[in-house]
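See structure below.
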Amino acid sequence: MSVRRFSCTVVVTALALAGLAQATLACTTIIAGKNATADGSILVARLEDYTFNNHAKHFVVVPRVEHKAGDMLSFDNGVRVPAPAVSQRYTAMRDWNGAQFGAGGQWSEFGSNEAGVVLSATNSTEQNERAAKAAPLVADGGGVVEAILPDLILPQARSAREAVALLGRYVETLGAGETNGIEIADANEAWLFEIGGGHQWIAVRVPDDGYLTIANGMRVHDVDLGDSRNVLASPGLAAFVSEHKLLDRVDPQRFNFAKAFGKIGDSYNVDREWLVQSRLTPSSKQPVRQAQYPFYTRADRKIDVATVASILRTADYAGTPLDKRKPAAGSTQRPIAVDRNVEAHIIQVRPDMPKELQVLSWQSMGNVRDAVFLPFYLGAMQSTPQVFRQGNDDFDSHSAWWTFRSVSSLANANPGKYRPLITGWRDRLEANLRAAQPATDAMLKSLYGQNRELAINYAQRLGNGTALYALDQARELRDTLMTDLTKSTELKYTPAELDKIKGL
């Protein structure tokens, strides 16, 4: 957030005002092409990690707005750009305090608009020292930053490629206040967009038959700058890198953007990259702690939501060559799932579904290890339940975010006893939701052919209803655990002592 968070692969700068939204360096992302997934969808999944573990998120729908000539899209960090004739409706997963003065922006993190464009922002990254001097960032959180990205692009873009080009123009003209990795997709293609400096960027189309994973380091390497179908970049990028000696040798056909602008080989990042690739492509026996791992890979088996959810919940390296292995000096060993996770999303864009039903987001609120991935048809959303739009940094028994987060907190009170109960509940509910999804899609697709508006309305009601049902289940589980925890603190009395107490 703007003051960036080193938890989603973002760099954190000092907070201008205490208590306002801030960014975290600790996000992990998986993007898969449509031929790499089990159901032919394009998949974008990301953890959003934060600086601390009690920062509520609000799941909102931003309405469609018609603008008049001269209207501007304005943001708290000073960015102002001409508004389109119509700002599209889009969903957003916002920080509870993103609208406060000094936050820098709404911190919407990810969303999908009515055209079916998906944007997830960001994976925070770091510049190397040479790049920082050659391509300095805009000072004081100005320019293109994580805090404004979804709200800057989603009102305007009608396709993923248009979103990439639009974001690229903003980086070139407004400059960037942070280095970030941004995931952009639609029903046809997915892209990884990386910002390497104040005005330097590159975007690479994810191959249809492959996947890539991103931690908190820049990832783009071995790409052909001349391949305009699959690679887009700031003008004169290779010449800029050569002029400022950011690489020993500049090869435009195997261009290494990550090495030129970022810090490669940090165990904080490459351990997670190795772990994801070892889970999805176990046939490839790669050494641990390489400076760079393949930019994209083919999975041994088709990738599905359950597999991705399991990977995002990986909290250690048990049973791997990295088990208990110490990182290099000055770094830390970072698992994928951490207690500071505040939400996670696994987005599927399904080209075989009607336009408004193409984007299916599996959304968790609170910590990903214990919360449930709930399905929402983002293109059909006109509103979300009030309880999914409330909560702050203080416990709120009504807030959906806090309900799921409190279940996770109770698990930590007695992991051996409570976590198996929570995991069993979570897995049963998710398995039922995933099993029902094909029939739900088929029903909605058929209904859409008969009555478009009815199908869209039903899809929204179904998503919101499912979410409220899961919320009720989570509250019941929370109350059960709280009751048991309270009982567990009671002292053990002898029968004589107990009789005496009862008689008082």
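Per-structure values
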quantity	calculated
Failed condition for Ala337, given (1) assigned to a loop (DSSP other than H, G, I, E, B); (2) surrounded by fewer than 16 Cβ atoms within 10 Å (Cβ to Cβ)	(2)
Tally, over the stretch 195-214, of residues that are under 18 Å from Val276 (Cα atoms) and surrounded by fewer than 24 Cβ atoms within 10 Å (Cβ to Cβ)	3
Among the candidates Arg229, Arg249, Arg219, Arg279, residue that is charged (D, E, K, R), touching a residue at least 12 places away in the same chain (Cβ under 8 Å), open to solvent by 10 Å² or more (accessible area, probe 1.4 Å) and in a loop (DSSP other than H, G, I, E, B)	Arg229
Residue match in the stretch 478-492 (condition: surrounded by 19 or more Cβ atoms within 10 Å (Cβ to Cβ), in contact with a Phe, Trp or Tyr (Cβ under 9 Å, 6 or more places away or on another chain) and among the aliphatic types (A, V, I, L, M))	yes
Breaking point among (1) over 25 Å from Arg229 (Cα atoms); (2) open to solvent by less than 10 Å² (accessible area, probe 1.4 Å), for Gln127	(2)
Residues within the stretch 163-194 that are touching a Cys at 6+ places or on another chain (Cβ under 9 Å) and surrounded by fewer than 24 Cβ atoms within 10 Å (Cβ to Cβ), tallied	0
Selected residue (only one of Val372, Val407, Val368, Val359 is touching a Gly at 6+ places or on another chain (Cβ under 7 Å), surrounded by 14 or more Cβ atoms within 10 Å (Cβ to Cβ), at pLDDT 95 or above and aliphatic (A, V, I, L, M))	Val359
Answer residue from the stretch 70-102, given it is in contact with an Asp or Glu (Cβ under 6 Å, 6 or more places away or on another chain) and either open to solvent by less than 10 Å² (accessible area, probe 1.4 Å) or among the polar types (S, T, N, Q) (or both) and is farthest from Leu174 (Cα to Cα) among those	Met93
Selected residue (only one of Asp271, Asp316, Asp323 is of a type in the set (Asp, Glu) and either modelled with pLDDT of 95 or more or surrounded by 15 or more Cβ atoms within 10 Å (Cβ to Cβ) (or both))	Asp271
Residues located in the stretch 449-499, provided they are farther than 19 Å from Glu430 by Cα and small (Gly, Ala, Ser)	Gly449, Ala455, Ser488, Ala496
Residue within the stretch 430-441 that is more than 28 Å from Leu322 (Cβ to Cβ) and acidic (Asp, Glu) present	yes
Residues within the stretch 448-472 that are buried (at least 17 other Cβ atoms within 10 Å of the Cβ) and in contact (Cβ under 8 Å) with a residue 24 or more places away in the chain, tallied	12
Pair list, Cβ under 7 Å, 6 or more apart: the stretch 73-89 residue basic (Lys, Arg), other residue modelled with pLDDT of 95 or more and surrounded by fewer than 16 Cβ atoms within 10 Å (Cβ to Cβ)	Arg80/Met72; Arg80/Ser74; Arg89/Pro63; Arg89/Arg64
Only listed residue being of a type in the set (Gly, Ala, Ser), modelled with pLDDT under 50 and surrounded by fewer than 21 Cβ atoms within 10 Å (Cβ to Cβ), chosen from Ala21, Ala16, Ala38	Ala16
Test: residue in the stretch 428-437 that is under 23 Å from Ala45 (Cβ atoms) and in contact with an Asp or Glu (Cβ under 8 Å, 6 or more places away or on another chain)	no
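Residue by residue, here is whether (1) β-branched (Val, Ile, Thr); (2) within 25 Å of Val220 (Cα to Cα) holds:
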residue: Thr297; (1), (2): yes, yes
residue: Pro321; (1), (2): no, no
residue: Lys324; (1), (2): no, no
residue: Pro327; (1), (2): no, yes
residue: Gln333; (1), (2): no, yes
residue: Ile336; (1), (2): yes, yes
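The values are calculated or read from the model by the stated rules, or taken from the named source; none is laboratory data. Model, not experiment: these values are computed from the prediction. All Cβ positions, even for glycine, are placed from backbone atoms using ideal geometry, and neighbour counts span all protein chains on display. Ligands, DNA and RNA are stripped out before the accessible areas are found, and what is left, the full protein with its side chains, is counted by its heavy atoms. Shrake-Rupley method; radii C 1.70, N 1.55, O 1.52, S 1.80 Å.
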